[in-house]
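Take a look at the structure below.
The values are calculated or read from the model by the stated rules, or taken from the named source; none is laboratory data. In this text the structure is predicted, and so the values were computed from the model without any measurement. Here Cβ is always computed from backbone atoms with ideal geometry, including for glycine, and neighbour counts include all displayed protein chains. All accessible areas refer to the heavy atoms of the entire protein, side chains included, with ligands and DNA or RNA removed. Shrake-Rupley method; radii C 1.70, N 1.55, O 1.52, S 1.80 Å.
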Amino acid sequence: MPEMSVSTDSKEVYLTGTGLYTPPNSISNEELVESFNQFVDLHNAENAEAIATGDMPALSHSSAEFIEKASGIRSRYVINKDGILDPHRMTPNIKDRANDEPSVMCEMAITASKQALEAAGLQASDLDAVICAASNMQRAYPAMAVEIQSALGCGGYAFDMNVACSSATFGLQQARDAIRSGSARHVLVVNPEICTGHLNFRDRDSHFIFGDVCTAMIISDEPGSTGDNFKVLDSRLQTMFSNNIRNNFGFLNRGDDEGIGKADKLFVQEGRKVFKEVCPAVATQINEQLASLNIDSADLKRLWLHQANLNMNVLIAKRVLGRDANTEEAPVILDEYANTSSAGSVIAFHKHHGDFEVGERGVLCSFGAGYSIGSVILERC
């Protein structure tokens, strides 16, 4: 399994501010289920003859109870609600914009980025680089990061990167490496996630998983002036190839007419296999990382874990701490936000770090398609 670790014996790097954009629209499990079940009834009625002859299986209803038990999710924020809940559409209704208008992802990113800059005590002009790290980009080019850079009015350079649900932690390490190499002093890592755009709302096993959001982090070579700073003690990245989480949408799709509109052009996963394979790998990486730094897991105040599935987080926290973790030690935000891909662990940090005292430590960790795992050891300073 390819792995890269960065030592702590050179230039110090700090996480000095975070920001969060939450869309104004929320969908409860009950609302989502009502729409899904209407779709199921319409589908079964339209295909009654094929279902009766056994040529097509009947679709089954979902329930709010099933969703919460399977995932821990109760609601999710979305860019567009009406399109998702329309049983004849079941996809967000997001209109194209003219080239001289800001993109949707850019608007989200600007809101979160300005919050992060304020928290760090910086101006946009202080930034040397912008990394847009997310599971999907609104367009192939020009890079979303370059548009965000322009909208903020900062110089330097900018680029996009995609490591699915691990994009934020992978982006954080790229920022850290840039600072330690001397190519930047202050880097913005922003994660605009419009996850509902690649979710199959007609699939009972996954229609409830994702929500939309945007997070931002400022990574700097010195503590921020506001005093809300965390030193990045270590960052570790790991990838291993798997087909168990996949999205085959891409620019070559139009080359094969038979594949257009097929379910594999949206999010698909083998959930049980993912659970079985990812959980031990994540816990092992964190434990080995802590051991390399001579940090005992008992000395951790918090685990800010990727917010994909409550059962996964419970198991990972138990394997790291050696016991069951309470919600203060491993905070949960997915009940309100659902899975927001790369942004989930950053939301958890953003909302649950204010009680840290100087010297206290925590782990920011994300994991997902690839498989990919990124874990960052942070210390309040």
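What number of residues within region 11-60 are within 30 Å of ALA112 (Cα to Cα), assigned to a loop (DSSP other than H, G, I, E, B), open to solvent by 30 Å² or more (accessible area, probe 1.4 Å) and not β-branched (Val, Ile, Thr)?
Narrowing region 11-60 to residues within 30 Å of ALA112 (Cα to Cα): 11-32.
So of that shortlist, the ones also assigned to a loop (DSSP other than H, G, I, E, B) come out as 11-13, 22-24.
Next, from what is left, pick out any that are open to solvent by 30 Å² or more (accessible area, probe 1.4 Å): 11-12, 22, 24.
Right, trim to not β-branched (Val, Ile, Thr) and you get 11-12, 24.
Selection size over region 11-60: 3.
Under the condition of being open to solvent by less than 60 Å² (accessible area, probe 1.4 Å), under 24 Å from ASP221 (Cβ atoms) and of a type in the set (Gly, Ala, Ser), which residue from region 116-142 is nearest to the chain's Cα centre (by Cα)?
ALA133
Under 7 Å between Cβ atoms, at least 6 apart or on separate chains: pull out the pairs that start in region 340-351 with a residue that is closer than 11 Å to LEU20 by Cα and open to solvent by less than 10 Å² (accessible area, probe 1.4 Å) and end on any residue that is acidic (Asp, Glu) and not in a helix (DSSP H, G or I).
ALA343/GLU193
Quick check: is even one residue across region 82-93 buried (at least 17 other Cβ atoms within 10 Å of the Cβ), in contact with a strand residue (DSSP E or B) (Cβ under 9 Å, 6 or more places away or on another chain) and not aliphatic (A, V, I, L, M)?
The answer is yes, given that some residue of region 82-93 is buried (at least 17 other Cβ atoms within 10 Å of the Cβ), in contact with a strand residue (DSSP E or B) (Cβ under 9 Å, 6 or more places away or on another chain) and not aliphatic (A, V, I, L, M).
Tell me yes or no: at least one residue of region 162-181 is within 30 Å of SER75 (Cα to Cα), assigned to a loop (DSSP other than H, G, I, E, B) and touching a residue at least 40 places away in the same chain (Cβ under 8 Å).
Taking region 162-181 first, the residues within 30 Å of SER75 (Cα to Cα) are 162-172.
In the following step, the residues that additionally are assigned to a loop (DSSP other than H, G, I, E, B) were identified as 162, 164, 166.
Still in the running and touching a residue at least 40 places away in the same chain (Cβ under 8 Å): 164, 166.
Checking region 162-181: at least one residue is within 30 Å of SER75 (Cα to Cα), assigned to a loop (DSSP other than H, G, I, E, B) and touching a residue at least 40 places away in the same chain (Cβ under 8 Å).
Hey, among the residues in region 146-156 that are surrounded by 15 or more Cβ atoms within 10 Å (Cβ to Cβ) and without any contact (Cβ under 8 Å) to a residue 40 or more places away in the chain, which one's nearest to ALA178 (Cα to Cα)? Don't jump to the end; show me each part of the working.
Restricting attention to region 146-156, the residues satisfying the condition of being surrounded by 15 or more Cβ atoms within 10 Å (Cβ to Cβ) are 146-149, 151-152, 154, 156.
Of the ones still in play, those that are also without any contact (Cβ under 8 Å) to a residue 40 or more places away in the chain are 146, 149, 154, 156.
Values: VAL146: 17, GLN149: 17, CYS154: 17, GLY156: 12 Å.
Of everything passing the filter in region 146-156, GLY156 is nearest to ALA178 (Cα to Cα).
Out of the residues in region 194-231 that are of a type in the set (Val, Ile, Thr) and open to solvent by 10 Å² or more (accessible area, probe 1.4 Å), state the one that is farthest from GLN38 (Cα to Cα).
Residues of region 194-231 of a type in the set (Val, Ile, Thr): 194, 196, 209, 213, 215, 218-219, 226.
Okay, now just the ones that are also open to solvent by 10 Å² or more (accessible area, probe 1.4 Å), so 194, 209, 226.
Numbers: ILE194: 24, ILE209: 19, THR226: 51 Å.
Going through the qualifying residues, I end up with THR226.
Of everything in region 283-302 that's open to solvent by less than 70 Å² (accessible area, probe 1.4 Å) and of a type in the set (A, V, I, L, M, F, W, C), which residue is nearest to LEU315 (Cα to Cα)?
The extreme case among them is ALA283.
Is it the case, given these coordinates, that VAL274 is touching a Phe, Trp or Tyr at 6+ places or on another chain (Cβ under 6 Å) and either outside any loop (DSSP other than H, G, I, E, B) or farther than 26 Å from CYS365 by Cα (or both)? Spell out the reasoning first.
Details: touching a Phe, Trp or Tyr at 6+ places or on another chain (Cβ under 6 Å): no; either outside any loop (DSSP other than H, G, I, E, B) or farther than 26 Å from CYS365 by Cα (or both): yes.
So VAL274 does not fit the description; no.
Given the condition in contact (Cβ under 8 Å) with a residue 40 or more places away in the chain, touching a Gly at 6+ places or on another chain (Cβ under 7 Å), of a type in the set (A, V, I, L, M, F, W, C) and assigned to a loop (DSSP other than H, G, I, E, B), answer yes or no: does some residue in region 127-144 qualify? Show your work before the answer.
Our first condition is that a residue be in contact (Cβ under 8 Å) with a residue 40 or more places away in the chain; within region 127-144, this holds for 127-136, 138, 140, 144.
Now narrow it down to the ones that are touching a Gly at 6+ places or on another chain (Cβ under 7 Å): 127-129, 131, 133, 136.
The next check asks that each one be of a type in the set (A, V, I, L, M, F, W, C); those that pass are 127, 129, 131, 133.
In the following step, the residues that additionally are assigned to a loop (DSSP other than H, G, I, E, B) were identified as 127.
Yes, that holds for at least one residue.
Give me the pairs: first residue in region 235-261 and part of a helix (DSSP H, G or I), second residue open to solvent by less than 90 Å² (accessible area, probe 1.4 Å) and modelled with pLDDT of 90 or more, beta-carbon distance under 9 Å, and six or more apart or on different chains, which are they?
Matching pairs, first to second residue: ASN253/LYS265; GLY259/ASN248; GLY259/ASN253; GLY259/LYS265.
Hey, does region 69-80 have a residue that's in a helix (DSSP H, G or I), closer than 19 Å to VAL332 by Cβ, open to solvent by 20 Å² or more (accessible area, probe 1.4 Å) and among the hydrophobic types (A, V, I, L, M, F, W, C)?
Quick first cut of region 69-80, residues in a helix (DSSP H, G or I) only: 69-71.
Next, only the ones that are closer than 19 Å to VAL332 by Cβ stay: 69-71.
Keeping just the survivors that are open to solvent by 20 Å² or more (accessible area, probe 1.4 Å) gives 69-70.
Those left that are additionally among the hydrophobic types (A, V, I, L, M, F, W, C): 70.
Yes, that holds for at least one residue.
Of all the residues that make up region 305-350, how many are on the phi > 0 side of the Ramachandran plot and either in a loop (DSSP other than H, G, I, E, B) or modelled with pLDDT under 95 (or both)? Explain how you work it out, then say what you get.
From region 305-350, those on the phi > 0 side of the Ramachandran plot are 322, 338, 341; that's our starting set.
Within this subset, residues satisfying the condition of being either in a loop (DSSP other than H, G, I, E, B) or modelled with pLDDT under 95 (or both) are 322, 338.
Here the count works out to 2.
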